[in-house]
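The values are calculated or read from the model by the stated rules, or taken from the named source; none is laboratory data. Small disclaimer: the values here were computed from a predicted structure and weren't measured. Cβ placement follows ideal geometry from the backbone for every residue including glycine, while neighbour counts extend to all protein chains displayed.
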Amino acid sequence: MRITTVGLDADDTLWHNETIFRLTQDRLRGLMAGHAPATVLDAKLAEVEARNLRLDGYGVKGFTLSMIETAMELTGNAPPGRLIADILAAGREMLQEPVEPLPGVEHALAELSQHYRLVLITKGDLLHQEQKLAASGLGDLFAAVEIVSEKDAATYVRVFDRHGTGAAEAVMCGNSMRSDILPALEAGCWGAYVPYSITWAHELADPPADHPRCTELPSISGLPAWVRGLG
């Protein structure tokens, strides 16, 4: 068999993302301290986010709308003073966070790009994801970029048919078992799971048991050697 194409997730695989969301949620707890305990706020925000994903999708803008809606519900639709303005400011600051590749990413992608077609496959806001890729300095290493509304098996089949030689000759690498690995395996890809230090609850899932096309790597630095071994 051969591998022709390597798909890579973006957020928390190539650069930090969830850490920024967690810090902003900490900020929201401070803004809402006089209105709800942290545990109540966290539960309400998780509920609102899950409810809004279908309409608002993934990314900072959807998260900001969910923070505003959470604040409205926990204050009885009567938020005090500058609360909403402060939440909007927190969201804007998230959009302006610097983008720095995670350790090992630049070297691993440079090596992979010499032998395989690299495809970025990520969820989130189109404009923001394009901006992050440009700011990362990694854009020239990718043959294609797909910013999708959801990652399921049909998505991976479509992407690897379009930009590669099919899912059977493709590897998908990412930090989310739910979005990056399980549906890619279902599509017929190989999966390389590279955990990040923290994972959004919505992206948690149990790993497959002894799946012959799946591996877990402690760092993306090990990806080129693993992909080469498949050939």
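The residues on offer are Asn52, Asn77, and the sole one that is outside the structural domain of Gly139 (by TED's automatic domain parsing) and closer than 16 Å to Lys123 by Cβ is Asn52.
Summed over the stretch 144-157, the residues that are closer than 20 Å to Ile3 by Cβ and either loosely packed, with under 15 Cβ neighbours inside 10 Å or in contact with a His (Cβ under 6 Å, 6 or more places away or on another chain) (or both) give a count of 1.
Within the stretch 199-217, being loosely packed, with under 12 Cβ neighbours inside 10 Å and either within 29 Å of Gly57 (Cα to Cα) or among the charged types (D, E, K, R) (or both) holds for Ala201, Leu204, Asp206, Asp210.
Evaluation of Ala85 against the conditions (1) of a type in the set (A, V, I, L, M); (2) without any contact (Cβ under 8 Å) to a residue 12 or more places away in the chain; (3) assigned to a loop (DSSP other than H, G, I, E, B) shows that the sole unmet condition is (3). The sole residue among Leu55, Leu109, Leu118 that is more than 16 Å from the chain's Cα centre (by Cα) and farther than 29 Å from Ala143 by Cβ is Leu55.
Determine, yes or no, whether Ala167 is within 25 Å of Arg213 (Cα to Cα), buried (at least 20 other Cβ atoms within 10 Å of the Cβ) and modelled with pLDDT of 95 or more. Spell out the reasoning first.
Details: within 25 Å of Arg213 (Cα to Cα): yes; buried (at least 20 other Cβ atoms within 10 Å of the Cβ): yes; modelled with pLDDT of 95 or more: yes.
Judged against the criteria, Ala167 is a match.
Within the stretch 136-163, the set of residues being closer than 27 Å to Leu53 by Cα and part of a loop (DSSP other than H, G, I, E, B) comprises Ser149, Glu150, Lys151, Asp152. Within the set Asp210, Asp206, the sole residue that is farther than 17 Å from Asp11 by Cβ, within 19 Å of the chain's Cα centre (by Cα), assigned by TED's automatic domain parsing to the domain that holds Ser113 and at pLDDT below 95 turns out to be Asp206.
One line per residue, one yes/no per condition, for (1) free of Cβ contacts under 8 Å to residues at least 60 places away in the same chain; (2) surrounded by fewer than 20 Cβ atoms within 10 Å (Cβ to Cβ); (3) hydrophobic (A, V, I, L, M, F, W, C); (4) not assigned by TED's automatic domain parsing to the domain that holds Asn175:
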{"position": "His107", "(1), (2), (3), (4)": "no, yes, no, no"}
{"position": "Glu111", "(1), (2), (3), (4)": "no, yes, no, no"}
{"position": "Tyr116", "(1), (2), (3), (4)": "no, no, no, no"}
{"position": "Lys132", "(1), (2), (3), (4)": "no, no, no, no"}
{"position": "Asp140", "(1), (2), (3), (4)": "yes, yes, no, no"}
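Those helices (runs of 4 or more DSSP H) of the stretch 8-81 in which 3 or more residues are in contact (Cβ under 8 Å) with a residue 24 or more places away in the chain and buried (at least 21 other Cβ atoms within 10 Å of the Cβ) occupy 38-56, 60-74.
Would you say Ile121 is surrounded by 18 or more Cβ atoms within 10 Å (Cβ to Cβ), farther than 27 Å from Val227 by Cα and not polar (S, T, N, Q)?
Numbers: surrounded by 18 or more Cβ atoms within 10 Å (Cβ to Cβ): yes; farther than 27 Å from Val227 by Cα: no; not polar (S, T, N, Q): yes.
Judged against the criteria, Ile121 is not a match.
The set of residues from the stretch 183-220 being part of a loop (DSSP other than H, G, I, E, B), among the hydroxyl-bearing types (Ser, Thr, Tyr) and under 20 Å from Val6 (Cα atoms) comprises Tyr196, Ser219.
Which of the residues that make up the stretch 134-161 are of a type outside the set (Asp, Glu) and within 22 Å of Leu230 (Cα to Cα)? Let's see the steps before the verdict.
First, pick out the residues of the stretch 134-161 that are of a type outside the set (Asp, Glu): 134-139, 141-145, 147-149, 151, 153-160.
Passing the criteria: Leu141, Phe142, Ala143, Ala153, Tyr156, Val157, Val159, Phe160.
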